[in-house]
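A short reminder: the numbers here are calculations on the coordinates, not readings from a lab. Note that the coordinates shown come from a computational prediction; the quantities given were computed from them, not determined experimentally. Here Cβ is always computed from backbone atoms with ideal geometry, including for glycine, and neighbour counts include all displayed protein chains.
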Amino acid sequence: MLSIERLYDGPEAPSDHLELSFDYRTRSRLRARTAGGVEVGLFLPRGTILRGGQRLQASDGTVIGVRAAVEALTEARCEDPLLLARAAYHLGNRHVAVEIGEGRLRIVADHVLGGMLAGLGVALQAVDAPFEPEAGAYAHGHQHPGEGTSGARIHEYRRSA
């Protein structure tokens, strides 16, 4: 098994790729297989969130690219910016990871949240796409009481020096 313990930002192109859902890209400890079939173990600092396009470096120097996997999502759309902001507020109030785009919000498909959004009056559509939600507005590793290690799921800002 190939051990990966760090991000890579050098000039070398990846020789293989790791395709992961957003949920798996928020885990600091993970066992997975690359697109080329190589078994890897991720041992990254707690709170690390991998984004599609990032690169990792294995202990043997191998560079592995990260791809955001296609996921079942719910897309909320509306022409009214105030209504869209209201929908975003209610999702954020529930600490839901949200991808924000031009006139739309995307969340991982969830019938309860979909019902809430429909009740607010936004149009919903099921889409299959890579999921890249917004980063949170708190410092890296921000957590709320009782959340264990899950508090960093959408919080990726780095502490300033």
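In the stretch 93-126, which trypsin sites (Lys or Arg not before Pro) are in a loop and have at most 16 other Cβ atoms within 10 Å, using DSSP for the loop call?
Details: sites: ARG94, ARG104, ARG106; in loops: ARG94.
Loop-located and lightly packed - ARG94.
Normalised by the residues of the stretch 70-130, what does the relative contact order come to in percent, with Cα pairs under 8 Å and at least six apart?
Working: 91 pairs, mean separation 33.1, N = 61.
Answer for the stretch 70-130 is 54 percent.
Please list, in order along the stretch 117-126, the HN-Hα scalar couplings obtained from phi with the Karplus expression 6.51 cos²θ - 1.76 cosθ + 1.60 (θ = phi - 60°), rounded to whole Hz, x for Gly and Pro.
5, 4, x, 6, x, 8, 7, 10, 8, 7
How high is the relative contact order of the stretch 2-68, in percent, counting Cα pairs under 8 Å that sit 6 or more residues apart?
Values: 149 pairs, mean separation 30.6, N = 67.
Relative contact order here is 46 percent.
Please figure out what share of the DSSP beta bridges in the stretch 2-68 is antiparallel and state it in percent, rounded to the nearest 5. Numbers along the way, then the final one.
Values: 12 of 20 bridges.
Taking every DSSP beta bridge with both residues in the stretch 2-68, the antiparallel ones total about 60 percent.
Would you please name the GluC sites (Glu not before Pro) within the stretch 1-65 that are DSSP coil residues with at most 13 other C-beta atoms within 10 Å of their C-beta? Intermediate results must be reported in sequence, preceding the final value.
On the way: sites: GLU5, GLU12, GLU19, GLU39; in loops: GLU12.
When the GluC sites (Glu not before Pro) of the stretch 1-65 are filtered for loop state and at most 13 Cβ neighbours within 10 Å, GLU12 remain.
For the stretch 1-65, what is the per residue volume of the convex hull drawn over the alpha-carbon atoms, in cubic angstrom?
Details: hull volume 4.8 nm³, N = 65.
In the stretch 1-65, the Cα convex hull volume per residue is 74 Å³.
In whole Å, how far is the Cα centre of the stretch 30-44 from that of the stretch 64-92?
Cα centroid to Cα centroid, the span is 28 Å.
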